[in-house]
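The structure under discussion appears below in the form of structure tokens.
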Amino acid sequence: MAGDENKDVTYAGYLRLGTLLDQQRPLSGGDSADELMFIVAHQTCELWFKVVLRELTAVRDSVAGGVIEPALLALRRVAAVQHVLLDEIAVLESMQPGGFLAFRDLLGSASGYESVQYREIEFLAGAKDAATIDPTAGRQPGGREALEHRYAEPSVWDAAVSLLVARGLAADSSDAGVRAAVTAVFADPVRDFPVWQLLRGLLEFDAGEAIWRSRHTQMAELMIGRKPGTGGSSGVGYLASRVDLRYFPVLWDAASLL
């Protein structure tokens, strides 16, 4: 009978709960409810980053192949994950500053700035900065190799530009040619509705990322005010400087050009 070979699969075994639930090791010794929540929230974010990377890769590959519909479905999944990630920020906001500060010094130089997966998301989208490879990847096994690969491979934006050229909407892949094509599509969505849906989906993804960075910055300020961040960063000042990052600036320019 089909499925008999999997009859011994259990819920705990399938999800590897024994391993998963053993990965929360509060440095304060387990007495801090805030530290356990802090660890779980960040681990959960990293798991969702893994999903986002898979879906963005699917978006890029689908668009590069000239097929838009699967990319739209993948972007819908990414949007759903973005909502969950905002809920993770809400969980962290429930901590009291005193509760966080009670274990913050135990983190040493560990910092969210070192999240290789989040930097991979930026690179895969198209916001590539070689200067961020060393400081973010050097402390995670395989991190540098992962970011170098993401930096070298085509981005989601590269695939979108190629699609515009292939469909005759952009005369070439120059900034001017792409900007003119995007503006024309936004001015008349019916002209090529699937492309409009894709560009709109990318714009909404970009906006969702900006909202998450803004909420993350606000949450950090609630916890530590303007104190320096862990890992040698300027803390809230650094986070605030990243809020206005745009993965697809040409898409944002189009609204001004209409």
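The values are calculated or read from the model by the stated rules, or taken from the named source; none is laboratory data. A quick note: this is a predicted structure, and the numbers were derived from the prediction, not measured. Cβ sites come from the backbone with ideal geometry, for glycine too, and all protein chains shown count toward neighbours.
Brief remarks on what is shown
Residues are listed down the side, and each one gets a yes or a no for (1) among the hydroxyl-bearing types (Ser, Thr, Tyr); (2) at pLDDT 95 or above:
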{"site": "64", "(1), (2)": "no, yes"}
{"site": "68", "(1), (2)": "no, yes"}
{"site": "92", "(1), (2)": "no, no"}
{"site": "100", "(1), (2)": "no, no"}
{"site": "135", "(1), (2)": "no, no"}
{"site": "151", "(1), (2)": "yes, yes"}
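- Check on residue 105, over 30 Å from residue 65 (Cβ atoms) and surrounded by fewer than 17 Cβ atoms within 10 Å (Cβ to Cβ): yes
- Note on segment 157-258: enclosed helices (runs of 4 or more DSSP H) holding 1 or more residues that are in contact with a Pro (Cβ under 7 Å, 6 or more places away or on another chain) and modelled with pLDDT under 85 are 193-224.
- Segment 23-63, subset among the acidic types (Asp, Glu) and under 23 Å from the mean Cα position of the chain (by Cα), residue surrounded by the fewest Cβ atoms within 10 Å (Cβ to Cβ): 46
- Residue 170 buried (at least 17 other Cβ atoms within 10 Å of the Cβ) and out of contact with any Asp or Glu (no Cβ under 9 Å at 6 or more places or on another chain): yes
- Hey, residue 30 assigned to a loop (DSSP other than H, G, I, E, B) and closer than 30 Å to residue 93 by Cβ or not: yes
- The set of residues from segment 77-92 being surrounded by 13 or more Cβ atoms within 10 Å (Cβ to Cβ) and among the charged types (D, E, K, R) comprises 77, 88.
- If you go through segment 134-161 and keep only what is surrounded by fewer than 17 Cβ atoms within 10 Å (Cβ to Cβ) and either of a type in the set (A, V, I, L, M, F, W, C) or more than 24 Å from residue 177 (Cβ to Cβ) (or both), you end up with 134, 135, 138, 139, 140, 141, 142, 144, 145, 148, 149, 152.
- Residue check for residue 154: of a type outside the set (A, V, I, L, M), closer than 26 Å to residue 74 by Cβ and in contact with a Lys or Arg (Cβ under 8 Å, 6 or more places away or on another chain): yes
- Residue that is surrounded by 16 or more Cβ atoms within 10 Å (Cβ to Cβ), within 22 Å of residue 244 (Cβ to Cβ) and touching a residue at least 40 places away in the same chain (Cβ under 8 Å), where the choices are 123, 205: 205
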